[in-house]
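For reference, the structure discussed in these notes is given below.
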Amino acid sequence: MNRKSTKGGIALLKVTPPQTFVRPVKLREFQNMFAHIYNRVNEGYYSIDHLLSRFVVEVSRIMEASRKDRREQIKILLPRVFSWYNGVANRLEIDLQESLWYKYPGICTYCLREKDCSCTTEHDDIPNLQNILRRLRRDRVGREPILLTEHQAFHKKLYFRQNDRIMLIQTVSHIVEEAGEVVDEFYKKNDQGIRDEMADVGSWIFATANKLDLDLDKLIWERYPYECEKCYHDQCVCEQPV
């Protein structure tokens, strides 16, 4: 079925993706969806340096919106940031599910709490910390968030009390900081560092959604229902990618 939408007052024909495309609910399914929509055009148009710079640009836009307290605009920009986040992950062949679990294996990896993280800027020295983390990373069953909604809920359970005490602009500024660290680790050729910083970007994306009481799963699907937000094809054919 085809449907019409408007952009800039102009009616556009919007093509519904074939029924074979199932709505994603798992984090990994969302990553696969963005790979299907954008990998071909991203790889044909962007060098990895250009792709990373575009990611940082999108993050800077949401920073500007938060500085001006334009919360409705953030609702539009957050799914775009998530799209570019997945674009970088797909180009670098990073499994976001694995990276997030490694960095956040059901707990805060600094204070080891399962909820209501109590970390400050200084972290306690926990004996045998790495051995504890290795065990927790192996113990996945019933503990690992799989659905995108579960990831958002887990990060809310873990960090909402901490994040509720800071301003929105401070929350969003962490996305900017972590995106910069992704780029830094990339140029250092530190593969594990890249994966860890990508996990941190995801955590602060969830934190921003939680701060504004947004359903990230719903926002992303409304913006990207297995199609490009600009050309509406299930595989983007934009002459200049969005």
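Give, as a single signed number, the net charge of other residues whose beta carbon lies under 14 Å from the beta carbon of residue 175, with Lys and Arg counted +1 and Asp and Glu -1.
Around residue 175, the charge tally is -3.
Extending each Cα 7 Å along its Cβ direction at residue 219 and residue 102, get the distance between those two points in nm, one decimal.
2.7 nm
Using the Karplus equation 6.51 cos²θ - 1.76 cosθ + 1.60 (θ = phi - 60°), what ³J(HN,Hα) coupling, rounded to whole Hz, does each residue of the range 128-139 give in order, writing x for Gly and Pro?
After applying 6.51 cos²θ - 1.76 cosθ + 1.60, I find 6, 4, 5, 5, 4, 5, 4, 5, 5, 5, 7, 8 Hz.
If I fit a long axis through the Cα atoms of helix 27-45 and take the longest principal axis of the Cα atoms of the chain, what angle between them do I get, 0 to 90°, rounded to 10?
Taking the Cα atoms of the chain, the angle to 27-45 is about 60 degrees.
Rounded to the nearest 500, what is the 222 nm mean residue ellipticity of the chain from helices alone, with -39500 (n - 2.57) per DSSP H run of 4+ residues and division by all residues?
Estimated from H runs of four or more residues: -19500 deg cm²/dmol.
Among 153, 126, 171, which residue has its Cα furthest toward the positive end of the charge dipole of the range 118-175, with +1 on Lys/Arg Cβ and -1 on Asp/Glu Cβ?
Going by the Cα projections, it comes out as 153.
Can you pick out the pairs among 115/211; 188/230; 156/189 whose Cα atoms lie more than 27 Å from each other? Provide the component values of the computation, followed by the final result.
Details: 115/211 16 Å; 188/230 34 Å; 156/189 32 Å.
Too far apart for the 27 Å limit: 188/230; 156/189.
Dipole magnitude of the range 112-242 about its Cα centre, charges +1 at Lys/Arg Cβ and -1 at Asp/Glu Cβ only, in debye to the nearest 20?
Details: 19 positive and 26 negative charges, 113 e Å.
With only Lys, Arg, Asp and Glu charged at Cβ, the dipole is about 540 debye.
Working from Cα positions, state the angle (0 to 90°, nearest 10) between the long axis of helix 148-163 and the longest principal axis of the chain.
50 degrees
So which GluC sites (Glu not before Pro) in the range 97-164 are both in a DSSP loop and have at most 16 other Cβ atoms within 10 Å of their Cβ?
Loop-located and lightly packed - 114, 122.
Give me the one-decimal nm value for the distance between modelled label points at residue 26 and residue 146, 7 Å along each residue's Cα-to-Cβ direction.
A separation of 0.6 nm, rounded to one decimal place.
Using a Gaussian network model on the chain with a 10 Å cutoff between Cα atoms, which of 210, 128, 163 fluctuates the most?
So, out of 210, 128, 163, the one fluctuating most is 128.
Under a Cβ-only charge scheme (Lys and Arg +1, Asp and Glu -1), can you give me the dipole magnitude of the chain about the Cα centre, in debye to the nearest 20? Please list the in-between numbers first.
Details: 37 positive and 36 negative charges, 158 e Å.
Dipole magnitude for the chain comes out near 760 debye.
What's the extension gain from residue 126 to residue 61 if we count 0.36 nm per residue and subtract their Cα-Cα distance?
That pair, residue 126 and residue 61, stretches by 19.6 nm at full extension.
Once the convex hull of the C-alpha atoms of the range 154-212 is built, how many Å³ does it hold per residue, rounded to a whole number?
Given the Cα convex hull of the range 154-212, per-residue volume reads 64 Å³.
Taken together, the values in this text are just the output of simple stated rules run on the coordinates, not laboratory data. Please read these numbers as outputs of a predicted model, since none were measured by experiment. Every residue, glycine as well, gets a Cβ built from its backbone with ideal geometry; the counts of neighbours run over all protein chains shown.
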